[in-house]
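Written out below as structure tokens is the structure these notes cover.
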Amino acid sequence: MPVHNSVTPRPVQTQQSLVEHCREIACRSRAAAGDLAAASGEQRADCLRAAAAEIRRDIAVILAANARDLEAAPGFGLTEAATDRLKLDADRVAAIAAGVEAVAALPDPVGELIEASVRPSGLEVRKVRVPLGVVFFIYESRPNVTADAAAVALASGNAIILRGGKEAAHSSRQIVASMQRAIVAGGLPGDCVQLVDVADREAVGAFLQFADLIDLAIPRGGEALIRRVCGEARMPVLKHFSGNCHVYIDRSADLAMAEKVLIDAKCQRMGVCNAAESLLVHADIAGAYLPRVAADLQARGVELVGDAASRAILPAIAAATEQDFATEFLGPKLSIAVVASLDEAIAHINRFGSRHTDAIVTADSAAADRFTARVDTAVVMVNASTRFNDGGELGLGAEIGISTDKLHARGPCGPRELTTYKYVVTGSGQTKS
């Protein structure tokens, strides 16, 4: 079966030809989605396992492609954190392949019987899980996300159109080429995973108009990208918004645990969406806790800014503004506030947070229960680092994004979150008259 989508960028000369070219890609995806929906879960999983093997086999060419992206990174003005997200090495490529295999090992969500009943009329009613159809995924400089998104889409029976950032163009093309070879060899249409082969930013706007061909748009990147997609899309949008994540240290917290969790949440990898950006500390323990954790953070190069109460304990740190408390830093900066109560911490998070990931460290089960019930967030952690909000860590294999929406999916989105359902009603000749 031929793979129609070239991995070599093609020039598009006019606005009309750009729109037509993008529509052709979307039409091929729609056709592939029909074939993919009819494939068995076993066939889709076999293709994913083969794709992981291809990625491992192609490690040298993937790293060579990534080296070209890294060489061009300064010209794109990438920050240190963004460059780190872009960079691949042997271990990261191995992790990409392992992530694809983890998705392949998940239960097949397609065809799952959600519920069933027999009506008084004798009609048998079944509610069955089905793919969404075609997903348009727009994301920035994360080559590992290319493989994750393709794997999650394939596992859930969806065709996917990938529009990655130009900063990772060479890496993404090579990863898609590796995966497409495995998909075609496995008897599925290569067009079920396509990478948009034009760099023109207007291509995104073109795809967002194709509500007749695309069922869901998912933007994953900066706030400006997400707001643009939400403003232009004619189809539903699943938003992976900013990760302004909080860690609250409760009055009953074990201080050693609280330091360990906060340091990991902030410092394990700073340029990712589930890294902590704000620390809240109960006033009863702030005097004992803040000096020890501040020294550890500053030794790791983290700039601290705080409210008046935290600066009374840490006089050397700068004052935090309201904008600081509302900001996803994605780097070595952390805002700090001292709160008088658990409820004040909850109110602070609900005011400044982004509904992504928030954590409490506490020995009080009642405090943990109140926090988890009242904090408005997609994922809430109790005595664990925010860094565990990840598809792989939470058993989804990989994720296509972490939704900060409430409909139709919330939190890490794996294969199950890229499905919907239909009612299958079977009768024996019943009529209404």
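Points to keep in mind about this one:
- Reported count of residues in region 295-330, each being closer than 17 Å to Gln268 by Cα and aliphatic (A, V, I, L, M), is 6.
- Of the residues making up region 119-147, those that are crowded, with 24+ Cβ neighbours inside 10 Å and in a helix (DSSP H, G or I) number 4.
- Residue check, Asp91 in a helix (DSSP H, G or I), surrounded by 13 or more Cβ atoms within 10 Å (Cβ to Cβ) and among the acidic types (Asp, Glu): no
- The residues on offer are Leu195, Leu208, Leu225, Leu213, and the sole one that is in contact (Cβ under 8 Å) with a residue 12 or more places away in the chain, in contact with a Pro (Cβ under 6 Å, 6 or more places away or on another chain) and assigned by TED's automatic domain parsing to the domain that holds Glu24 is Leu225.
- You will find that of Ala53, Ala64, the residue that is among the small types (Gly, Ala, Ser), under 19 Å from Ala102 (Cα atoms) and surrounded by fewer than 18 Cβ atoms within 10 Å (Cβ to Cβ) is Ala53 and no other.
- Verdict on Leu36 being at pLDDT 90 or above, touching a Cys at 6+ places or on another chain (Cβ under 7 Å) and either charged (D, E, K, R) or in the same structural domain as Gln194 (by TED's automatic domain parsing) (or both): yes
To keep it simple, each residue is scored yes or no on (1) within 27 Å of Thr372 (Cβ to Cβ); (2) in contact (Cβ under 8 Å) with a residue 60 or more places away in the chain; (3) touching a Cys at 6+ places or on another chain (Cβ under 6 Å).
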| residue | (1), (2), (3) |
| --- | --- |
| Cys267 | yes, no, no |
| Ser278 | yes, yes, no |
| Arg292 | yes, no, no |
| Ile313 | no, no, no |
| Asp324 | yes, no, no |
| Glu344 | yes, no, no |
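- Whichever residue in region 264-293 is among the hydrophobic types (A, V, I, L, M, F, W, C) and assigned to a helix (DSSP H, G or I) and, among such residues, is surrounded by the most Cβ atoms within 10 Å (Cβ to Cβ): Ala265
- If you go through region 230-263 and pick out every residue that is touching a residue at least 40 places away in the same chain (Cβ under 8 Å) and assigned to a helix (DSSP H, G or I), you end up with 4.
The values are calculated or read from the model by the stated rules, or taken from the named source; none is laboratory data. Predicted model only: the values in this text are computed from it and were never measured. Note that each Cβ is placed from the backbone with ideal geometry, even for glycine, and that neighbours are counted across all protein chains shown.
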